[in-house]
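To start, the structure itself, in structure tokens.
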Amino acid sequence: MDAKVNKTLTITTPSDLEIAMTRVFDAPCHLVFDAMTQPQHVRRWFGCAEFDLPVCEIDLRVGGAFRFVMRNPDGVESTLQGVYREVARPQRVVFTERFSMPGFTSDEYQVTSTFTELGGRTTLTTTILHKTRENRDGHLHSGIETGVAPAYDRLAEVVATMA
Amino acid sequence: MSYLTDWLSTMPSDPLSTTFAALADPTRRAILARLALGETSVTELAEPFAMSLPAISKHLKVLEHAGLILRGREAQWRPCRIAPVSLREVDGWLGGFRRFWDENFGRLDDYLEELKAKEAATAPAKRKVRAREKQRGRKSE
């Protein structure tokens, strides 16, 4: 029997400007790479359970653009869009990206993903490089991508249930 | 790839795991709830619990180690208070970035299983068949 794949998502902050995440997938490199870079695949998993993904466009080449629009149940849309800087299927992809929602547009940040295959499994390492520490921290803590309530609302609930 | 291995080997142990382990105990959560109201002594903290002082001290040590509470340095009266930064971190991670990617990658896992099955069914290139036979051989050992 194969050893069970450890699918824990590891998130670290290697510098003041970066977020790094690593995750192992039980599939070969080319499948993971394609699943993350081809719209017909991305549509199948990316977003949030309760969100629609009305726009999912990817022009996978250096200088090519991508755009994902997520729509929450209230109809509020948020957008992730950017431009590919490096494309080396199935090992590496680099792109710049910004996030926007009504009343907020982030600064641009750079995302570098590497895919390494070993024994039919792929380790994905993604590094997100921000221009300032404030932007980096905002990305980590705000929860803007899921559109969840501000962290403190839930903290209040957590404390209430502790008593 | 040395970048990856270097980075993996220098990674700190996961502080959030320690935090969650500390929060998993109802007595420790009750202690935190009490401390959320304000700083207090160990003796005062122990009062509502049917527990000895050493037992309470043990719980406090776990909470302190997880960075959830801060304790004064005075030998006799070591006031305890909540460390809000740490709790905020737990909540931030849960609600934001981590939750988003955990959910997405979970769905990607399922979808990759579909892709693997499809590939196995539609593209039985010689090399792949051989690779699969090899793997099957290994599995049956």
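The values are calculated or read from the model by the stated rules, or taken from the named source; none is laboratory data. The model shown is predicted, which means the values in this text are computed figures rather than measured ones. No Cβ is skipped: glycine too gets one built from the backbone with ideal geometry, and neighbour counts run over all protein chains shown. The area values use the complete protein model at the heavy-atom level, side chains included, leaving out ligands, DNA and RNA. Shrake-Rupley method; radii C 1.70, N 1.55, O 1.52, S 1.80 Å.
Cβ contacts < 6 Å: first residue over 12 Å from B:Asp25 (Cβ atoms) and basic (Lys, Arg), restricted to the stretch B:44-73; second residue outside any helix (DSSP H, G or I) and open to solvent by 30 Å² or more (accessible area, probe 1.4 Å), any location; separation 6+ or different chain. Result?
As it stands, the answer is B:Arg71/B:Arg78, since those pairs meet every condition given.
Considering the stretch A:71-92 alone, what residues qualify as being within 13 Å of the chain's Cα centre (by Cα) and either among the hydroxyl-bearing types (Ser, Thr, Tyr) or modelled with pLDDT under 95 (or both)?
If the condition is that a residue be within 13 Å of the chain's Cα centre (by Cα) and either among the hydroxyl-bearing types (Ser, Thr, Tyr) or modelled with pLDDT under 95 (or both), then A:Thr79, A:Leu80 are the ones that fit.
If I ask for residues that are of a type in the set (D, E, K, R) and either over 23 Å from A:Phe33 (Cα atoms) or within 15 Å of the chain's Cα centre (by Cα) (or both), which ones from the stretch A:108-137 would you list?
Answer for the stretch A:108-137, where residues must be of a type in the set (D, E, K, R) and either over 23 Å from A:Phe33 (Cα atoms) or within 15 Å of the chain's Cα centre (by Cα) (or both): A:Glu108, A:Lys131, A:Arg133, A:Glu134, A:Arg136, A:Asp137.
Yes or no, residue by residue, for (1) touching a strand residue (DSSP E or B) at 6+ places or on another chain (Cβ under 6 Å); (2) outside any loop (DSSP other than H, G, I, E, B); (3) modelled with pLDDT of 95 or more:
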site	(1), (2), (3)
A:Arg23	yes, yes, no
A:Gly47	yes, no, no
A:Val94	yes, yes, yes
A:Val111	yes, yes, yes
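Counting only residues that are more than 8 Å from every other protein chain (Cβ to nearest Cβ), over 28 Å from A:Asp137 (Cβ atoms) and at pLDDT 80 or above, give me the helices (runs of 4 or more DSSP H) lying completely in the stretch B:36-141 with at least 3 of them.
The qualifying helices (runs of 4 or more DSSP H) are B:42-46, B:53-65, B:97-122.
Of all residues in the stretch A:10-37 being at the interface with chain B (Cβ under 8 Å from one of its Cβ atoms) and among the hydroxyl-bearing types (Ser, Thr, Tyr), which is nearest to the chain's Cα centre (by Cα)?
My answer is A:Thr22.
Please work out if A:Arg85 is open to solvent by 30 Å² or more (accessible area, probe 1.4 Å) and farther than 24 Å from B:Leu115 by Cα.
yes
Can you say whether A:Asp34 is touching a residue at least 40 places away in the same chain (Cβ under 8 Å), open to solvent by less than 50 Å² (accessible area, probe 1.4 Å) and among the acidic types (Asp, Glu), as far as the supplied structure shows?
Yes: the conditions hold for A:Asp34.
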